[in-house]
Amino acid sequence: MTCSRPSTVRIGSILISNLVNDDKVGALFQTAIQLSSTLGVCLCGLTQKLVMDDTESLERGLRVALWSMAGTSWCSALHSGMTLRGTGLARDM
């Protein structure tokens, strides 16, 4: 994942720490991180395989997979920014 992952990790940790009981914060946060990482690797591999099968070029498949993951990260950052725009500070929750 590209540069949006650190921002979504920070936002996710703030939301989880404010909305979940203290004894379940770590487990829920680790589950969310592992699930998103696994999903990203699976989508990247699937994209690379499908493009490589069509074009018979490993380099082309890897480039398309890289750019699709970069686009997904940027879309995630934009979506987080738009949906959390009115949330305010963590101490205000």
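Laboratory data are not the source of any read-out in this text; all were calculated from the coordinates shown. Just so we're clear, the structure is a prediction, and the values are computed from it rather than from any experiment. Cβ placement follows ideal geometry from the backbone for every residue including glycine, while neighbour counts extend to all protein chains displayed.
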Report summary line: Karplus-derived 3J(HN,Hα) from phi for the stretch 60-68 (6.51 cos²θ - 1.76 cosθ + 1.60, θ = phi - 60°), whole Hz, x at Gly and Pro, runs 5, x, 5, 5, 5, 5, 4, 5, 5
Report summary line: Surrounding charge for ALA65, neighbours by C-beta under 14 angstrom, Lys/Arg +1, Asp/Glu -1, total 0
Requested in this report: Rounded to the nearest Å, what's the spacing between the alpha carbon centres of the stretch 11-35 and the stretch 38-56? Just the number, please.
Outcome: 30 Å
Report task. Return the distance in nm (one decimal) between the two label points of a simple spin-label model at ASP54 and LEU78, each offset 7 Å from Cα along Cα→Cβ. Result -> 2.1 nm
Report task. Largest first and to the nearest Å, give the Cα extent of the stretch 36-82 along each principal axis. Result -> 39, 17, 12
Query raised in the report: Simple spin-label model, 7 Å along Cα-to-Cβ: SER37 to LEU15 in nm?
Result: 2.0 nm
